[in-house]
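Here's the structure, in structure tokens; my notes come after.
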Amino acid sequence: MAFALGSPTAPQTVSDHEDAAPWAPPELRLVCLDIDDTLIDFSAAGRRSLAALIGRADMWSEWERITDEHVARVVSGDLGYADMHVRRTQAFLAALGITADHGEALAFETRRKELLRRSWRLFDDVLPCLDWLVAAGVQLAAVTNASGAHQREKLATLGLARFFDHVAIAGEVGVAKPDPVMFHSVCFQLGCDPSEAVHVGDKLRTDALGARDAGLGGVWLNRGQVAAEVPPGVHVLSSLSELPQLLVSEFVRVGVPAQR
């Protein structure tokens, strides 16, 4: 039975031998973190960039819907990554009633990316949390459902690449969260059991439930205080500043950084 973070119930044993070792939570060896809207305030940057291009601020949800459809096609192998952005942009512009050829869509996408790069920002709680995790001696992995190497560019541009032992990108792995294979592949790459890992992300189903169901600890980073029923085995944080306390309390053998 896979260990669920925050459920310290002793597993059933074959016998009730009085010398049986007491149950204890596993040692934490790996913390996985989503990238967009967990570490980087991506949605705010995306909204600003898109609104600047189209002159209206009410189309972000449609952009996200169309993006999710096209990213899923890349992950499944039905669409090449090189073509995805232009086709996504053509589909979005069509939703606005604009027919764009390849060159026009490419120009739109190029300008959008320029604006987006200027708008990337880390949340204020990110660097203190990552510093703590590194000092605690756990391995770190960035795990994203994005489809391309631009995620590595973001990590590098914002000074985050140095923290991570591994970066897992859905478009390269060939599966996406919440598929257990995504989580298990990261654990395999870093040589730990899923029960020795925790995944933190801003999406309840994709990140926290997906991780829990794959045998990792599932943590939902609910920055916006969205009202939702939280399933058993999932922890909820409103800030990454709360993560160290959660890990120390739930994984009693996680390292505690020395005072500097």
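For the stretch 28-106, which trypsin sites (Lys or Arg not before Pro) pass both filters: DSSP loop (anything but H, G, I, E, B) and at most 13 other C-beta atoms within 10 Å?
On the way: sites: 29, 47, 48, 56, 65, 73, 87, 88; in loops: 29, 56.
Within the stretch 28-106, the qualifying trypsin sites (Lys or Arg not before Pro) (loop, at most 13 other Cβ atoms within 10 Å) are 56.
Give me the extension gain from residue 96 to residue 248: residue separation times 0.36 nm, minus the current Cα-Cα distance, reported in nm with one decimal.
On the way: separation 152, 0.36 × 152 = 54.72 nm, distance 4.95 nm.
Result for the pair: 49.8 nm of gain on full extension.
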request  = Check cross-link reach from residue 154 to the aspartates and glutamates: straight Cα distance under 18 Å, and skip same-chain residues fewer than eight apart.
outcome  = 34, 36, 37, 41, 109, 114, 124, 125, 165, 172, 202
Residue-by-residue Karplus 3J(HN,Hα) for the stretch 95-101, coefficients 6.51, -1.76, 1.60, Hz, glycine and proline x = 5, 8, x, 10, 8, 10, 7
query = Using 1/(1 + (r/R0)^6) with R0 = 51 angstrom and r between the beta carbons of residue 119 and residue 27, what's the FRET efficiency to the nearest 0.05?
reply = 0.85
ask   = Quick one: if you stick a label point 7 Å off each Cα along the C-beta vector at residue 56 and residue 44, how many nm between them?
value = 2.5
Inter-label distance, nm, simple model (7 Å from Cα along the C-beta direction), residue 165/residue 181 = 2.4
ask   = Which whole-Hz couplings ³J(HN,Hα) result when phi for each residue of the stretch 231-241 is put into the Karplus expression 6.51 cos²θ - 1.76 cosθ + 1.60, θ = phi - 60°, listed in order with x for Gly and Pro?
value = x, x, x, 10, 9, 10, 10, 9, 7, 5, 5
request  = Consider the candidate values (1) 14.4; (2) 12.5; (3) 16.1; state which one is mean projected area of the Cα convex hull in nm² computed from the structure displayed.
outcome  = (3)
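Quick check: from the Cα gyration tensor, does the stretch 75-119 come out rounded (a/c under 1.5), prolate or oblate? Could you put the intermediate results ahead of the total?
Details: a/c = 1.90, a/b = 1.11, b/c = 1.72.
Cα axes put the stretch 75-119 in the oblate bin.
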query = For the Cα atoms of the chain, what angle does the longest principal axis make with the long axis of helix 126-136, in degrees from 0 to 90, nearest 10?
reply = 30
request  = Using the Cα centre as the reference, give the magnitude of the dipole from point charges on the C-beta atoms of the stretch 42-119 (Lys, Arg: +1; Asp, Glu: -1; all else neutral), rounded to the nearest 20 debye.
outcome  = 380
Projected label distance in nm at residue 69 and residue 107, using a 7 Å step from Cα toward the beta-carbon = 2.5
inquiry  = What does the C-alpha gyration tensor say about the overall shape of the stretch 106-151? Classify as rounded when a/c is under 1.5, otherwise prolate if a/b is larger than b/c, or oblate.
reply    = oblate
ask   = Say we join alpha carbon atoms closer than 10 Å with springs in a Gaussian network model of the chain; which of 91, 57, 170 then has the biggest fluctuation?
value = 57
note = Under the Karplus relation with 6.51, -1.76 and 1.60 and θ = phi - 60°, whole-Hz ³J(HN,Hα) for the stretch 110-123, x at Gly and Pro, equal 4, 5, 4, 5, 4, 5, 5, 4, 6, 9, 4, 9, 7, 5
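Here, each number is a calculation from the coordinates, and none is a lab measurement. The shown structure was predicted, so the numbers you read here are calculated from the model rather than taken from an experiment. Positions of Cβ are backbone-derived with ideal geometry, glycine not excepted, and every protein chain shown enters the neighbour counts.
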